[in-house]
Amino acid sequence: MSERTFEAELAGLVAEVEGGSAVELVVLLAPRSGTYPEAALLGGVLGLYAVFAFVMFHDAVLGDYVIFTAPIVGLLAGALAAGFFPPVRRLLSFRAAIERNVELVARATFQKAGLHATRDATALLVYLSFEERRAYVVADRGTLRALGQPALDAIRDRYAAALRARHPRPAILEATRALKAPLAAALPPRPDDINELPDMIDVAF
């Protein structure tokens, strides 16, 4: 599925969700939520240690030049691997830092984009961070009151599982499609309901 097709189908599903409920749904797709410099540091230390151990315990006789320079090469290689390869960076990043960054960016986006300004406080932001494979849901007070936190947690978990799927895009579409029934039941549409927010936003920090 191409990116353009995916975005078009997702926008259509968001419109369907909003058409069947009073919720103002916004889906934000973010490449990542942080830089995680600690991953590069840890990668460098591991690379240095691995090369140093290999040099020290290898059976071959190595010259002083190799003994002194090889660990530096390992340090640089480990740091670069964590800096340029998302799977390595994700593996070496602290889980608490990942969770904190995703939540902070999601909540900051909710405020910066003005999603709190709907008439009935029924905005619902689904923030998807692809590199971290994390989702975070921010609900305005009207949506939170109608759905309850357990339901919001279930929505977050469904999207997080979609990001970890082998084919994330179809899984994200299915997760969005699954919102129609519970949102319609909790917040049915009003006769004078209008679309107050853009369905997809791009907020720079």
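Nothing in this text is a laboratory measurement; each read-out follows from the coordinates by a stated rule. The structure displayed is predicted, hence computed values, not measured ones. Every residue, glycine as well, gets a Cβ built from its backbone with ideal geometry; the counts of neighbours run over all protein chains shown.
Summing -39500 (n - 2.57) over the DSSP H runs of n ≥ 4 in the chain and dividing by its residue number, what mean residue ellipticity at 222 nm do you reach, to the nearest 500 deg cm²/dmol?
Details: 9 runs with 123 residues, N = 205.
It lands at -19000 deg cm²/dmol.
Taking Cα Rg over 2.2 N^0.38 Å as calculated from this structure, the corresponding entry among (i) 1.11; (ii) 1.35; (iii) 0.99 is (ii). Between helix 149-163 and the chain there is an angle of about 50 degrees, using the helix long axis and the longest principal axis of the Cα atoms. Can you tell which of GLY44, ALA171, PHE130 lies farthest toward the positive end of the dipole of the chain, using +1 and -1 charges on the Cβ of basic and acidic side chains (Lys, Arg; Asp, Glu)? Checked the options; the winner is GLY44. Sparsely packed loop sites in segment 19-122 (the GluC sites (Glu not before Pro) outside DSSP H, G, I, E and B with at most 11 other Cβ atoms within 10 Å) do not occur. Taking amide H atoms as placed 1.01 Å from N in the peptide plane, the amide H of ALA22 lies under 5 Å from those of LEU187, each 5 or more residues away in sequence or on another chain.
Residues SER2, SER21, arranged from fewest to most other Cβ atoms within 10 angstrom of their Cβ, appear as SER2, SER21.
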